[in-house]
Each structure stands twice: as C-alpha cells, then as structure tokens.
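Every number here is computed from the coordinates shown, using simple stated rules; none is lab data. As the structure is a computational prediction, the values presented were derived from the model and not from experiment. All Cβ positions, even for glycine, are placed from backbone atoms using ideal geometry, and neighbour counts span all protein chains on display.
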Amino acid sequence: MGRDGQRPTSGFKYERIADAIRHDMLDNLLPNDILPSERELADRFGVSRMTVRAAIATLVSQGRVYNIQGSGTYVGSKEVLTKSAALTSFTEDMVARGLRPSSRVICAQRVAATGMIAHRLAVETGAACTHVRRLRLADEDPMALENVYFPAEVLPLEGVRLAESLYDQLAESGNEAFRSEQEITATVLDDETAGLLDVPEGSAALVVTRVSSTRRGRIIEYARTYYRADRYSFMTTVERESGER
Ligand code: 16G
C-alpha cells in the first residue's frame, strides 16, 4: 500500500511494478540494503525480467535505488528532506544537511509587473521587477524549481550573482527576508517541469507560494516554487491559541 493507502490502478505494467517495489520493499529496507535479483523480482511479481528492468530504471531515475554493475541494485540513501517552519533559504536548507547547493539559471529578466505579480508585490501595474527562474540542486540532484519576482529596486539584475544565494545578496543590500506568508498546495508535474526536476511526467510535487518581507514590512519577493514530493516534506508546529478553550 502507498503512503496514501492507495495502489495506482492505471499506467504501464513496469510503473505498477516500480510502485509495488517502492511500497512493498523499499519502505521496509534501509539505505544501501541490496534488493532481490532481477530474476527473483520477476518471479515474485509474475512479470518478465524486462518489465523488472524498466521498473528498476524508473526507481533509479527517482533516486530510490542505485545499481552497481556486476553486483546488484541497492536502496538509495536519498532521504526526504523535512523543511521546518523557520524562514530559511534553499542554500541554508541544503548546507544544514551537508548537501552542496547549486543553481541552474533558466531565465533572469526585467519585466513589468502585471496582475497577480503586481498584487502580491504590492506595486503598481507596470512597475519594474526582476523575474528569476532557477532550478535548485543538492549535490547535483534537482530538488526544486523556483520562479521568483522581486521589485527591481530590491533586486536589480545588474551585479546580481544569480547562481548564488539571493537571500544572502538581499541581506547584504539591507533587505533581509524576515517574514514570509506561504501557502502549500499539491500538484502533478507537467512534462516540462518534470523534465527539469528529473522525475517522470505526472509525478507529485508541492507548490509553495511565498511572499516575503523585511523586518520593516517591505515586500521583497513573490515566489512560486515546485518541490519534488519524493524529496521534500514540510513540518509545522501548531498550538492551541490561549483562551480558545
Ligand atoms: C527558497 C524560498 C524562496 C527563496 C529562495 C532563496 C521557500 C518556499 N522558498 O527556495 O522564496 O527565493 O529560497 O534561496 O522556501 P537562496 O538564498 O539560496 O537563493
């Protein structure tokens, strides 16, 4: 059974086998444990070795298992990263876990704020802002796809080191992120986004929409980030408000 208690009923046979391996085996094994051989898996699931091979390839692409040639298939050690409720940057999150953060800049341009962007940044329609789209990686693995808008005077394009921490550069210029309002929703990835995040099309993702401001209440970013649901979870602490009962 999956985490949600459901077993998918559609899709290719190899996808169903990948799912079965994920839920019936990987959840009960530890990182770096060896998986049964291709032949054993084929027997166990009553499918051909070719189907098992395709299922394993899917799990390899998801980072759930890895192959060592001539030896076998092993459980991957890529864990789900739990993001706390503290306001942190991607760079900080990765460094805190001993992972090396990096960025692939997909686009960086000056645009005129319209519609939702102007509304969320609380600027006039047509106001200049900087749009940055980056793929964020941890130890070379794609983790998240960020789509962020900054008021141009907060983050002008000139002189910005786009592949490095933007929160650090905002802080250097006196615009440290202090508070964020964020909403987390679920989605399945389209072909393009799935390709960038290196997961199969239709994979689950968490979409975090974040509006951040400085201690003085100046809005500095409107971000929409897609996180791989197989690598990320979000943790919050909830507390009964005093006097509620
Ligand atoms: C995180 C933030 C994003 C911010 C980025 C800065 C969430 C949901 N999003 O991805 O809003 O722009 O970090 O990271 O946490 P950087 O300082 O590493 O560039």
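Okay, here's what the table says:
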| quantity | calculated |
| --- | --- |
| Rounded FRET efficiency, nearest 0.05, which uses the C-beta distance separating A96 from N67 and R0 of 22 Å | 0.15 |
| Shape parameters for the range 75-156, alpha-carbon atoms, Rg then Dmax in Å | 15.6, 52 |
| Alpha carbon convex hull of the chain, projected area averaged over orientations, nm² | 17.2 nm² |
| Share antiparallel - DSSP beta bridges, the chain, percent rounded to 5 | 95 percent |
| Helix-derived mean residue ellipticity, 222 nm - over the chain, DSSP H n ≥ 4, -39500 (n - 2.57), to 500 | -6500 deg cm²/dmol |
| Convex hull of the range 29-90 built on C-alpha atoms - directionally averaged projected area, nm² | 5.7 nm² |
| Computed FRET value (nearest 0.05) for R218 with D27, which takes r as the C-beta separation and R₀ as 41 Å | 0.35 |
| For the range 186-245, alpha-carbon Rg over 2.2 N^0.38 Å | 1.58 |
| Residues with amide H under 5 Å from that of F178, placed H, sequence gap 5 or more | S213, T214, R215 |
| Fully extended contour minus Cα-Cα distance, from E181 to H119, at 0.36 nm per residue | 20.9 nm |
| Whole-number D in µm² s⁻¹ for the range 90-228, Kirkwood Cα-pair radius fed into Stokes-Einstein, 4 °C, 1.567 mPa s | 84 µm²/s |
| Qualifying trypsin sites (Lys or Arg not before Pro) for the range 186-233 [loop in DSSP, other Cβ within 10 Å: at most 11] | R215, R216 |
| Helix 49-61 axis, angle to the chain major axis (alpha carbon atoms, nearest 10°) | 20 degrees |
| Neighbourhood charge, 15 Å Cβ-Cβ cut-off, centred on A163 and excluding it, Lys, Arg +1 and Asp, Glu -1 | +2 |
